[in-house]
Structure formats: C-alpha cells, structure tokens
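Read through the structure below, which is laid out as structure tokens, and then see the notes.
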Number of protein chains: 4
Amino acid sequence: MRVRATCNLELHLRIATPLILMLRPQSGASQWIFREEYTFSEPVSVLEYSDIFGNLCQRLVAPAGEFKIYTAAEVETSDSMDVALGATFVNVQDLPEQVLGYLLPTRYCESDRLGDVSRKMVEGANLGYDQVASICIWIRNNIPYSPGTSDTPLSAFEVYKQGHGVCRDLAHLGIALCRSISIPTRMVVGYLYGLELMDLHAWFEAYVGDRWYTFDPSQEKLKGGRISIAYGRDAANVMSFTRPY
Amino acid sequence: MRVRATCNLELHLRIATPLILMLRPQSGASQWIFREEYTFSEPVSVLEYSDIFGNLCQRLVAPAGEFKIYTAAEVETSDSMDVALGATFVNVQDLPEQVLGYLLPTRYCESDRLGDVSRKMVEGANLGYDQVASICIWIRNNIPYSPGTSDTPLSAFEVYKQGHGVCRDLAHLGIALCRSISIPTRMVVGYLYGLELMDLHAWFEAYVGDRWYTFDPSQEKLKGGRISIAYGRDAANVMSFTRPY
Amino acid sequence: MRVRATCNLELHLRIATPLILMLRPQSGASQWIFREEYTFSEPVSVLEYSDIFGNLCQRLVAPAGEFKIYTAAEVETSDSMDVALGATFVNVQDLPEQVLGYLLPTRYCESDRLGDVSRKMVEGANLGYDQVASICIWIRNNIPYSPGTSDTPLSAFEVYKQGHGVCRDLAHLGIALCRSISIPTRMVVGYLYGLELMDLHAWFEAYVGDRWYTFDPSQEKLKGGRISIAYGRDAANVMSFTRPY
Amino acid sequence: MRVRATCNLELHLRIATPLILMLRPQSGASQWIFREEYTFSEPVSVLEYSDIFGNLCQRLVAPAGEFKIYTAAEVETSDSMDVALGATFVNVQDLPEQVLGYLLPTRYCESDRLGDVSRKMVEGANLGYDQVASICIWIRNNIPYSPGTSDTPLSAFEVYKQGHGVCRDLAHLGIALCRSISIPTRMVVGYLYGLELMDLHAWFEAYVGDRWYTFDPSQEKLKGGRISIAYGRDAANVMSFTRPY
C-alpha cells in the first residue's frame, strides 16, 4: 500500500539551539520511499550523517524564535506485517554479531531487573516468537495504552509499576521484558497508517527464527501501513528531536 | 543556489537482471536534498544499504523487457566551490585514518605507474593544493575533453597514452596522478548545473590542508551548482548502473 | 613504562554457558601491546569480532563445571596521563559525529536526571576540562571509594543517593554528571599499575578541547601505567564477563 | 594443530618513512591466536586502527637507518581446510551486502577483461564451488608457480599473458577469473605451515554456498595449518609493508 505521512514541527526557542533530528526514513526490506520532502521556515545549514545504528541523522543549529520544520514522505509499504507463531528462540551463541548488542540493558529498558516478571508471563509458551507474543498480550491486558499522558520518558520498570503508558512506554516495557529472557529487541519510531491521532508512533522488533519481527503492544491488532524512520536500543537512541543538551 | 536534476534510465533487458544502483544523493556538508522522487515503470522490490564508502545503494532485479527508472532531486547547493591555493600537503603519518585508503592504486587509477609523469607536472609547485591545481591545468592543456567517446572505462594510464577522454577518464587521470605523489583523491559522480549535455558528470576531490577540495579537470572553470550522488576510490566503486555480472 | 598484567578467571558453571568476553587490549594512541597470551583450561572454539565501539569481543560457550581463563599482556604505556586545565568545552554543534553518542543517557548513567546536581558542582568553573575536574573533586570528597562492596552494578543516581561505591560506580557517576552538562564521556575498563588490590579497574574519559582526556574519580592522583581493555557508553557495554542471558 | 610463525623485517631507510603495517592476525572462525609478540629494534610510537576490511593496521614512522621488526604468533588452527564440491553459486541478488564489493574489479584483478577466458575454463562445471575448483586446476596446469620471480605486483591479466608467477600473482589471477563469472573472491595474506621457503604466503577465498571457502592455486593440495593475517580485495589492500608513498 502507498502511505503519505507528513510531520510539522514548530519550535519556539529562546536561544539558538543545536538539534539532532532523524527526519529521513530509509528505504529497506519492507518500505520504498519514492518521494520525500523537507522544508525549513528559515534557511539553515544541515549536516547529515549515519549513526552507529544506521539511522540518517541531521545536525543543525535552530535559530532563536519560531522555527518550523515540515517533512513529507510517500512510501510503498506492506499491507500487513509478518506473523510467525512458532519461530524459534535463537541461542545467544548462534545470534549474528550485529544483533548481540540488542540483548543489553539500556537507559529506559532495565532488562536486568525484570527477569522474574517476564518468566511468569511466558510460562508454558514455546521459546521464541510465542514468548514475545505472550508478553505483548500481557501488556495489552494489564498496561492500558493512554496516549498523551507522558512528558518525559519513563523507564520500563517505572511503566510496569505505574500500570499505564503511551506507545513509547509500552514499547520500552516489551523490549525490556524480552531482553530479560535473552530475546534481542530493538525500538522503532515511525508512522502507522490509520492511527487515530496521526502522530509519531513507537513499536518494537524482536529477533527470533532468523530475522526481526514487528510487535506493537499498544495496538489491538498488528497492522501494516508502517513507515519506519529510526531504529535504536531504546528511545535514548531514537530521538526525532533533541533539546539543547 | 537551488538545482533540480532529473534522470531517466531506459533499460531493455533480455533476461531479468540484478542491478545495484546509486540513485539517492545524500545531504551533506555542501548540499541539502529538500525534495526527492523515484519512480519505476513497473513495481519492483528494492533493498537499500550503505556501502563501505557511505553511499546509499539500491538492489533490485530489473524485469526482462523494457524497464524505466525516473529520478528527480531538488537540492540547495553552493554557488561556488572553495579554492584554497597554498593549502598544504599532509604527511602520510598525519592523515586521518579514513583518508588513508584513498592513497591506494585502484582498477582504473594505476598510481603506482605514474610517479615519474606526475613529478614533472608539479615541478616547482608548492606541496599540496597547488600540485593538484598544476595537474588539473596540465590535463586541461594536454588531454582534450571529448564527451561521448568512451563505452567502457579506460584506466588512467590508458587515458594518458590515448590523449583524450570523457569526464570520467579525466577524473581517473587526475586521481591517479595525485595519488602517485601521495595526495589522497576520491572520485565523485553527480550532476553539474549548466553542463551542456545534461548528463551524469564525474570529477574528483583531493585531501589537502585539512579537508577534501573539489577539482574538475574537464571544466575550464571550477563551477558550483553540483549535486554529489556517490563517492568512491574510482569508477569501479561508483557505478550508477551495473550490468549483469 | 612497561606494565605486565595478568588475569585469572575461574568459572564454575552448572550448565554450558555462552559468554562474550573482552580479553584483548588493543594497541592505540597511548599503549602498545608487545606481548599477549590467552589460555583456557579446556579447548573451546572462540569467535572474535569488533563491537560498535571498536572493542575486540570473544564469543564462546564455556563448558559446565570448572573452566579457567588465563590472560597476560605486556604493554608499553605512558608514565603519566595528560592533564589540560583550561581545555575548552566543545559546543554540541561542533563535536565530531562519532562523539555525539557519548552525550546520551544509558542504563547506568541517567544523565537526564542529574542536571540540577551537576550544575551546582561546577559553579564558577571554566566551561570544559575544569568542570570535569570539579566533578571529580566533588566525587572524591563526597562519595568514598569502597572497594568490594557491590555485586551488581548500581546506576549513577543510586550511587549518588547511597553515598559510596566501587570504582565502577564512581566512574558511572562522573560520566552521568558530565553528560548532564553536555560534556561527552565514555567508560574505560582496564588495568592500573600499582592498584592495591590488583584487579580490573574502571575509570572514564571526557571529550574537551579536541580529544579525550582521562579522569579517575576513585584515585587521589591521576596516575599513568594504565592498560585500556574496553571502551563503552557505560558498564552495560563494557563487560569482561557476561552471565548467561 | 598449533602453529608458530615468526617474521623478521629488516628495513634500511635513507629517510624517516611512514609505514602502514599489518602485523597482527586476528582470532576468528578458523584460528585462535593464543600468544603474540612484537618487537622493534628502536622504540617508535605506533597507532593501531581497523581498515574498512576489518584488518588491524599499525601506523608508525620508521627511523632512518636500520630498523628491525620482529613478530611471533602461536595459533591454534585447523589441520585441514573445508572442501565443498557442489556448493552452489549464489545469485547476485541473494548475496549478503558485505560480500557485494568483492565482485568488483580492482587494481590487480581486472575481472572486467577476463570473462571470455574464464568461461572456457569452467565449461561443463556445475555453477559455484566446482567452477572455482576448475579455475584453480587450470592455473596449476598452465601458470607454473615460480617463487621469487617478481618484484612489483603484476595484474591478473599480465600474469595470464606472462604464463608464470609467484603465489600473489596466482591468487590475483584466480580472484579475477572468479569475479568475471560473478563469484565473489577476496585475497588472504598469511602463513602456511610447511611451506618450503617459510615466508608470507598469499591465497584467496571464494563465496559459494553460504560462506567463504579457501582456495590456493599455488599449492598442489589444499592444506591446513594456515594463519590468516589480512584480507582485502587484492594486494593493493593487503600490504604488510608500505613503501614511502
């Protein structure tokens, strides 16, 4: 299916501020960007580079006062996401090198503290895909999706205790729970077609069988129509907007 | 200045053929891509990746028969290119690591065979930028630019003996001559605004002082209005179109 | 000076366990490894790779029962570490790309929560090196170094509240405090000649002026005689021993 | 088997000369370096880095006069090399990204000029491993291995016309012939146990089936006991010693 996504950022800054943005989705296995557009309300000098996760990042200094960024992308993307019940757990010794880093705890995903919690959720499930599916079902049933309730990112453990969260929070919780049982997981930020509040969305991918699969704990059904913009270990690596450090 | 470049590729293939393309210019130090577009005459599945030189490459299998690719880019780019007469030669031991590879001989740039030739051309010139400038002047005066005369790439040594060449040939010769006196050089393929025959163009960059500078031995004057699409050690790494291997 | 370091790891594992080790220091700007040795008590198959921070990592499956690893390195290293009082703060927009990631919060360095704390510590200090020095002095005066008191890593915020810590804890705190005022910092794990309890040691580096400088908040004086084995954003990326996930 | 290899380099330089060396073999799939040693006859400052092919490179400035380098490595390596008759050709569209670059022509491997030659050699062979084997047999029967006859590297095409060559020449020819029929090949420099003249040796690897396999056109039989030091597209990327540029 063809999806058109647009994004308007309006900044009001007291002083000129360095920003690192991730504006450009990249074509990849499941999406082909056939048209893109970027406009700034004032001319600024932009430097682009790839970070260690392969994301295209844009560095610029936003001027003081009002500054608007407008982006649009038209993308050919899958109608539906692959589901692979039964896809097997990969032993740590057999994981590809590039995947190993996604087993580690990160700022918002304290997988080292959630092992006891996750082992209960996946009791009886086949190792691998089905464990991740169990975790997502548990989140959907126990941690209501409450859009718009969070200003600063909470960590997975804080979300678990709080009992509700935005899409980013639910993704963080899913990521941390999977890592705590040695399933590599990474965060995805992007657009999802048909989302009620058209906004940036966050979900995650888990590595089982022999590839990454998409999971979205904040949605009832795993829908297609996704545009991935950035990947990372958690939201600390996937910022579409960075305040002055 | 704002430059709009379009490219039409029409392929007529007897059999389905794997291609590796470099269609997407990337925003960088001297250019900001604010609008891009890609269209294929038939839907194909495209995988995108970055090669070891940082270029965005697109892998696809073009179907048998007619297959058309249309690309367009609108880019904010410099009106003029930096000139730095006197910028100094960098001793090999002081070059940044990522630059070292651009001293090596490559398929079309046999710098190991051109040392005697280049040393004559640069006699009396200050080490560094001025040597590269001398080499470009020598090429302009001695190797006439003859667009459209070459089907398959010649090597720098072959171009030197033949005595004329297309833009790619002249770039290869400049690259090889500079490397033979230990100045790192890399090839650039892209668009140049105002080129008589609007077509893909090739030039090169040399590392002197503390950065890469643009040189274009096939143009009388070093003009701005450039869109860089791909960088490499020579044309063997910078193919905008690869025939079936 | 020449330093010889040895390391004995004795594992007693109930089941065969995949490990990712960082056994090999790499020669670099301040150290040349002129002799190295690795022995396992039983033959195992080892795969080596470089992680995204450039560390050499070794993957293996340790057998059940007793398993011993012995390593030795003889290294030419600096007698003293560079000190650069007055080295200036680098604005975020001017940092090299590879350094930007070291500004982000990580599992054990919640720099996003420590801005108020650090701003007090550095009051009056010149921006840059002197701020880092102020932070280290504050840690030395307020967070006593208590070797051997920690089993599992604490986060910087937890260390701050607890009021004492091992070398790793003090490094985490220093890293988080610096990042909270936009100074890039990275963790180092290695050996320090003359350490009372000869053991693995942890310290950190900060990027000011135009390079990384060494800081060691758990030592009275900044001594030389260091062998760096691994670098990372925090201890979650610098594990010399990973338990079964 | 355990192999001990030593290397003595004696340089006599008129002026201080920057060198880029590849002294350190890395542990990997088929070898574990359990002891290494490096000595210089005079203290020099050495910087180590990884090149784009993953090789550990050492940068130093060798002093004028006599300068000696001594290296030793003790390595656990395979007794025999895997042979996989029948391993299938991988279509270009199915090759892993990192392998694609090894299809391109390089300074000493003009695969773009050898297609007609190689297609004859492999007539009747199954696509893949068996084609590479046919090429190696052809080289052994037609291009006698003549150690010590070459000062500067010849290209594959020159070796083909000359009709004999050193191990490096035969490897270059094998590499170029394979690439001309779309089989990825890479050069390996290292040690081979039992070589009559104990010296650095060169051979190549081809990607068929789903991995790299070892081929050695200058040896009657494919023997084990190998220590790989460096990989590259051809000898221009695999220099264990670089003269002043």
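The values are calculated or read from the model by the stated rules, or taken from the named source; none is laboratory data. Since the model is a prediction, treat every value here as computed from it, not as a measurement. All Cβ positions, glycine included, derive from the backbone under ideal geometry; neighbour counts span all protein chains shown. Note: accessible area is taken over every heavy atom of the protein model, side chains too, but ligands, DNA and RNA are not part of it. Shrake-Rupley method; radii C 1.70, N 1.55, O 1.52, S 1.80 Å.
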| said: Under the rule a/c < 1.5 gives rounded, and otherwise a/b versus b/c splits prolate from oblate, where does the protein assembly as shown land using the Cα gyration tensor? | reply: rounded
| task | Ignore the peptide's own chain and count Cβ atoms of other chains within 10 Å of each Cβ in C:84-97; give me the average, rounded. | result | 3
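Enter the accessible area per residue of region D:46-118 (Å², integer; probe 1.4 Å; all protein chains in place). Walk me through the intermediate numbers first.
Details: 2870 Å² over 73 residues.
Accessible surface, normalised per residue, equals 39 Å².
Would you mind getting me the FRET efficiency between residue A:164 and residue C:120? Use the beta-carbon distance for r and R0 = 30 Å, nearest 0.05. Could you put the intermediate results ahead of the total?
Details: r = 35 Å, r/R0 = 1.15.
The calculated FRET efficiency here is 0.30.
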| remark: Output field shielding_mean for A:42-53 (other chain Cβ, 10 Å radius) holds 5
| note | Yeah, region B:104-151 with a ≥ b ≥ c from its alpha-carbon gyration tensor (a/c under 1.5 is rounded, else prolate when a/b outruns b/c, oblate otherwise) is oblate
| task | Find, among the residues of chain D, the one whose Cβ sits nearest the axis of the rotation taking D to B; state the distance in whole Å. | result | D:52, 2
| field | residue C:80 - accessible surface, heavy atoms, 1.4 Å probe, Å² rounded to 10 | value | 80
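For region D:1-96, what is the charge dipole size about the Cα centre, in debye to the nearest 20, if Lys and Arg each add +1 at the Cβ and Asp and Glu each add -1 at the Cβ? Before the final figure, lay out the partial values.
Values: 7 positive and 12 negative charges, 50 e Å.
It comes to approximately 240 debye.
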| message | Taking θ = phi - 60°, what integer Hz values does the Karplus form 6.51 cos²θ - 1.76 cosθ + 1.60 yield along region B:35-45, in sequence order, with x for Gly and Pro? | response | 7, 9, 7, 9, 9, 10, 6, 9, x, 9, 8
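Which value in deg cm²/dmol, rounded to the nearest 500, describes the helix-derived mean residue ellipticity at 222 nm for the protein assembly as shown, given -39,500 (n - 2.57) per DSSP H run of n ≥ 4 and division by the residue count? Before the final figure, lay out the partial values.
Working: 20 runs with 184 residues, N = 980.
Roughly -5500 deg cm²/dmol at 222 nm, from the helical runs in the protein assembly as shown.
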| Dipole magnitude (debye, nearest 20) for chain A, charges at Cβ of Lys, Arg, Asp, Glu | 240
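Is the C-alpha gyration tensor of chain D telling us rounded, prolate or oblate? Criteria: a/c under 1.5 is rounded; beyond that, a/b larger than b/c is prolate, otherwise oblate. Before the final figure, lay out each step's value.
Numbers: a/c = 1.82, a/b = 1.60, b/c = 1.14.
It is prolate, given that a/c is not under 1.5 and a/b is the larger ratio.
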| task | Mind jotting down the distance between the C-alpha centroids of region C:173-235 and region D:92-115, whole Å? | result | 44
| query | Can you give the accessible area of residue D:157, probe radius 1.4 Å, in Å² rounded to 10? | reply | 40
| task | In nm to one decimal, list the spacings between the residue D:161 label point and its equivalents in the other copies, with label points set 7 Å along Cα to Cβ, shortest first. | result | 0.7, 7.7, 7.8
| Using the Karplus equation 6.51 cos²θ - 1.76 cosθ + 1.60 (θ = phi - 60°), what ³J(HN,Hα) coupling, rounded to whole Hz, does each residue of region B:49-55 give in order, writing x for Gly and Pro? | 8, 9, 7, 5, 9, x, 7
| note | Between residue D:98 and residue D:70, the two model label points (7 Å from Cα along the beta-carbon direction) sit apart by a distance in nm of 3.6
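What is the interface area between chains B and D, defined as buried accessible area summed over both chains with a 1.4 Å probe, reported in Å² to the nearest 100? Could the numbers behind the result be given before it?
Details: alone 12500 and 12480 Å², together 22290 Å².
That pair hides around 2700 Å² of surface in total.
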| field | Mean Cα-pair separation over length for region B:38-182, i.e. relative contact order, pairs under 8 Å, 6 or more apart, % | value | 23
| the protein assembly as shown, dipole about Cα centre (Lys/Arg Cβ +1, Asp/Glu Cβ -1), debye to the nearest 20 | 0
| In nm, to one decimal, how far is the modelled label at residue C:223 from the one at residue D:113, with both set 7 Å along Cα→Cβ? | 6.3
| message | Please list, ordered by chain and number, the residues whose modelled amide H lies under 5 Å from the amide H of residue A:110; skip anything fewer than 5 residues away on the same chain. | response | A:156, A:157
| At residue D:96, with labels set 7 Å past Cα in the Cβ direction, how many nm apart are the copies from this one, shortest first? | 0.8, 2.8, 2.9
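If we sort C:201-210, B:64-73 on the protection proxy, mean other Cβ atoms within 10 Å, highest first, what's the order?
Details: C:201-210: 22.7, B:64-73: 16.7.
Descending mean neighbour count gives C:201-210, B:64-73.
With r as the distance between the Cβ atoms of residue D:37 and residue D:88 and R0 = 60 Å, compute the FRET efficiency 1/(1 + (r/R0)^6) and round to 0.05.
On the way: r = 42 Å, r/R0 = 0.71.
Rounded to the nearest 0.05, the efficiency is 0.90.
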| request: Report, to the nearest whole %, how much of the accessible area of chain B belongs to carbon and sulfur atoms, 1.4 Å probe, protein only. | output: 49
| task | Using the 7 Å Cα-to-Cβ label point, sort the distances from residue B:66 to its equivalents in the other copies shortest first and give them in nm to one decimal. | result | 5.0, 7.6, 7.9
